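Structure first, then comments.
The values are calculated or read from the model by the stated rules, or taken from the named source; none is laboratory data. Model, not experiment: these values are computed from the prediction. Backbone-built Cβ (ideal geometry, glycine too); neighbour counts: all protein chains shown. Areas reflect the complete protein model, heavy atoms only, side chains present, ligands, DNA and RNA absent. Shrake-Rupley method; radii C 1.70, N 1.55, O 1.52, S 1.80 Å.
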Amino acid sequence: AGQAQPFASNLNFGAGQTVANSVVVGLGSQDKIDVYNLAGNTDIVVDVAGFYAAGSPPPSGATYFTPMVPFRICDTRPSAISQLVDSCTGHTLHGGTSFHLQLAGVGGIPATAKAVVLNVTVTDTTAPDFLTVFPDLSARPLVSSLNWVPGETVASGVIATLGTNGWVDFYIPQGQADLVVDVVGWQQ
């Protein structure tokens with residue numbers, strides 16, 4: 001807030017679409033952000049997943065981001081081969097169930113990681129639906145990480161907090177979808 005609007009978009013959508021995305025944005029004057037819509041009317045939902053703090057020493061409980069060369073850790077499509085977790089292959093997500101994936105201690109992510117930065121893709125979708133990504137062993141929050149209509153392939157960046165066991169859950173309420181998960185980095 002209070003700064004010139006950049007010539008870049010964080011989210012693009014067409015009429016009638018519901019689209020989610022993760023955005024890292026700095027706070028402006030009075031610790032606020034501005035949201036701009038180019039044309040038409042739209043509703044927005046903003047879910048805060050965390051924050052980055054400046055200064056030294058870091059705040060208690062702060063995590064530090066470590067980027068990685070992106071790699072595919074999971075792909076549930078029947079003919080897919082994941083680089084590290086072959087048990088994902090053939091495990092299409094079905095409505096009303098959660099898919100659990102261990103991330104801490106896998107593929108260079110330390111066992112002490114608190115969160116991971118992912119690129120999450122759904123494909124082979126059969127119903128208008130959404131995906132929620134959340135820590136394993138935790139109550140599922142009422143937020144979406146991705147939204148789609150049947151037949152769409154949709155991807156989004158997701159910062160996912162890991163459960164106390166180092167796992168993360170993926171949930172869709174209805175229909176079916178295949179899930180592709182690429183790791184981009186981790187936080188500790």
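Some notes on this structure:
- Taking a point 7 Å from the Cα of His100 along the Cα-to-Cβ direction, the residues of segment 154-188 with backbone N closer than 12 Å to it are 163-170.
- Evaluating 6.51 cos²θ - 1.76 cosθ + 1.60 at θ = phi - 60° for every residue in segment 171-180, the Karplus couplings come out as 9, 10, x, 8, x, 9, 7, 8, 10, 10 Hz, glycine and proline recorded as x.
- Rg/Rh (Cα only; Kirkwood hydrodynamic radius) as it applies to the chain: 0.98
- Share of carbon and sulfur in the accessible heavy-atom surface of the chain [1.4 Å probe, %]: 55
- For segment 1-45: accessible area per residue (Å², 1.4 Å): 92
- One equal scatterer on each Cα of segment 87-171, no solvent, Debye formula: the resulting log10 I(q)/I(0) at q = 0.10, 0.16, 0.17, 0.26 Å⁻¹ is -0.24, -0.62, -0.70, -1.42.
- Packing-based ranking of 95-103, 171-179 yields 171-179, 95-103, ordered from highest to lowest mean Cβ neighbour count within 10 Å.
- Distance (nanometres) between label positions extended 7 Å along Cα→Cβ at Val45 and Gln17: 1.7
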